[in-house]
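Here the structure comes first, spelled out in structure tokens, and everything after it is commentary.
The values are calculated or read from the model by the stated rules, or taken from the named source; none is laboratory data. Here the structure is a predicted model, which means the values were calculated and not measured. Here Cβ is always computed from backbone atoms with ideal geometry, including for glycine, and neighbour counts include all displayed protein chains.
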Amino acid sequence: MHKNKAITQSQRNKKIAQAIEYFTSGQDQAAEQAFQQLYQEQPTQQVILYLAQLAQRRQAGSEWIKQLEVLRNKHPDVPDCYYILARSYQQNRQLAIAAHTFYQALGWRLQNDSVTNIAEVQSSAVPVHDNPSSNKLTPENTLHLLLQTLSSLKEAGFYAFPTAGTLLGLEREGQLLANDKDIDIGIDWSHMESAIEHLQHLGWLEEAQSYGLINPRCFRHQSGLVLDLCGYATEQSTGDTISGLWMQDIPFTWNRVTRFSPIQVVSISSTAGEICYPQYPEQILQALYGLEWEIPDANFDTIVCAPNIIQDSYLYYCYAYSHLYTEWKKGNFKKMHAMLKVLIKFKPHDSLLKNLMQFVQQQMSSLQMRRVLALGYFDLLHPGHLTYLSLAKSHGDYLVVGVAPDAFALKSKGRAPVMEQDERLSIVKALACVDKAVLVGAPMADTERAANWIIQQRVNLVICGDEWQHTPRWQALETALAPHNIRVVYIPYTQGISSTKIKERIQNLNEN
């Protein structure tokens, strides 16, 4: 009976691993089908959180509000429950409760992370993913498509101009920003609907119902390039130009509104024909990015930190708190610090934000230490593991240990470890030489995802057993990590002992 139960759990773990792979790679239809099957078998916390995120990707997060509320009440100390519920509230235009629930997610995550020193506290924690980008264009082709689109809009009588990150790249770099995921075009708000019709004739299709916004409107080209069409309106009471992030069917004051000086455009020549361009681009850029817009700042979040935001709106705080949460997931404490500085100016007496700032500053201080990463299953912990971890710690000041989850073994070896991942994780955490222990986020054979996960751990060195030296897997990882100043160091493998040999000895004892 026990063996049959173990086999059933092993099969379910394989299904979960496959469903998560679909989710992570953006195969939403396959992911939803796989998770729905798992839901019918057993509606666990993990499955519900993934299904809710998949619904949110198609702007149907409201369908899961009741189930997420039940889950939140059942697991009131799990931050992801609050975060994903808040996203569903936001999609359902319940912005006041959405902002409060995002705020609660931050509070619970601070409490959990303060206790566990950034270790994963829930084995069912769900990664927060944006839809994977599928832009296949080179930077040169992206610029050409932008200019073609602007030229066509001008010919049709629209005063459309580059704005936001697109304008920043053109003015500061003389080209589009290398890390920009989309192009940004400004348009008179009163011409928005007719401009959209023209874009659709050019082959631009609305993306994910513009993520629930009426401004900007989001479109995707058949090439994969994404375009944000940003409407600029005139505020009658002041004559100022306003834009921002706006939702339909809510009081306008709930929106995230930004203010600009009146924008004038001129006609200029481009390789694709005549286009409109701001006459005073620096005024737009100063409004969005501040007086130092010419200095690149990787930690500046325009949605949260733009100087021209009209504050104290529900939608602003929804975005601000959710951006804090997702950057926390990535371990990007410098960006969190920049956002918190702005938020604390508007909420100087908020104790959670001040405590979070103190926590972030502590984590930034720890970055000055030499951080080392060790990896393994650590199944049936033995002296070889202890030697490996002690040697790894001797290479730095702070040892992070990545414990491979059960799903990796099921996929690569066809069987789960003897000890479950939570058991292995708790034992590793208890070791004196270990400062932090987390579940590994991606198999090392998946170079891009594994490298991104390692980078998020903010380490300087990765310590590997020398049996992995010169293997294609680790040669690829060395190449991917080198631009981030992360080195891979190989140390001698402890001979004569392994978890496999211990299992064989146990099996022999049972047979005898």
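Which one is modelled with the lowest pLDDT, of the residues in region 492-512 that are in a loop (DSSP other than H, G, I, E, B), surrounded by 14 or more Cβ atoms within 10 Å (Cβ to Cβ) and not β-branched (Val, Ile, Thr)?
Per the criteria, the residue is Ser498.
Take the residues of region 173-188 that are of a type outside the set (A, V, I, L, M) and surrounded by 15 or more Cβ atoms within 10 Å (Cβ to Cβ): which is nearest to Cys276 (Cα to Cα)?
Filtering region 173-188 for residues that are of a type outside the set (A, V, I, L, M) and surrounded by 15 or more Cβ atoms within 10 Å (Cβ to Cβ), the one nearest to Cys276 (Cα to Cα) comes out as Gly186.
Would you check which residues across region 265-291 are part of a loop (DSSP other than H, G, I, E, B) and of a type in the set (Phe, Trp, Tyr) and list them? If you could, list the steps in order and put the result at the bottom.
Here is the first cut: in region 265-291, the ones part of a loop (DSSP other than H, G, I, E, B) are 271-272, 279-280, 290-291.
The one that is part of a loop (DSSP other than H, G, I, E, B) and of a type in the set (Phe, Trp, Tyr): Tyr280.
Go through the residues of region 158-172 one by one and say whether even a single one is more than 18 Å from Ile284 (Cβ to Cβ) and outside any loop (DSSP other than H, G, I, E, B).
Among the residues of region 158-172, not one is more than 18 Å from Ile284 (Cβ to Cβ) and outside any loop (DSSP other than H, G, I, E, B), which makes the answer no.
Looking only at helices (runs of 4 or more DSSP H) that lie completely in region 292-403, which have at least 2 residues being under 20 Å from the mean Cα position of the chain (by Cα) and surrounded by fewer than 21 Cβ atoms within 10 Å (Cβ to Cβ)?
Per the criteria, 302-305, 314-330, 333-346, 351-366.
Here's a check for you: in region 274-313, which residue that is without any contact (Cβ under 8 Å) to a residue 40 or more places away in the chain and touching a strand residue (DSSP E or B) at 6+ places or on another chain (Cβ under 8 Å) is nearest to Ile344 (Cα to Cα)?
Checking each candidate, the answer is Ala287.
Residues checked against (1) surrounded by fewer than 16 Cβ atoms within 10 Å (Cβ to Cβ); (2) over 19 Å from Phe378 (Cα atoms):
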| position | (1), (2) |
| --- | --- |
| Met444 | no, no |
| Glu448 | yes, yes |
| Arg458 | no, yes |
| Cys464 | no, no |
| Trp468 | no, no |
| Trp474 | no, yes |
| Asn485 | yes, yes |
| Tyr490 | yes, no |
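Please go through region 209-260 and pick out each residue that is in a helix (DSSP H, G or I) and without any contact (Cβ under 8 Å) to a residue 24 or more places away in the chain.
Result: Ser210, Phe252.
Restricting to region 234-280, count the residues that are farther than 18 Å from Leu170 by Cβ, among the aromatic types (Phe, Trp, Tyr) and out of contact with any Lys or Arg (no Cβ under 9 Å at 6 or more places or on another chain). Outline the logic, then answer.
First, the residues of region 234-280 that are farther than 18 Å from Leu170 by Cβ: 234-259, 261-262.
Of the ones still in play, those that are also among the aromatic types (Phe, Trp, Tyr) are 246, 252, 254.
Filter once more, so that each one left must be out of contact with any Lys or Arg (no Cβ under 9 Å at 6 or more places or on another chain): 252.
Residues in region 234-280 being farther than 18 Å from Leu170 by Cβ, among the aromatic types (Phe, Trp, Tyr) and out of contact with any Lys or Arg (no Cβ under 9 Å at 6 or more places or on another chain): 1 in total.
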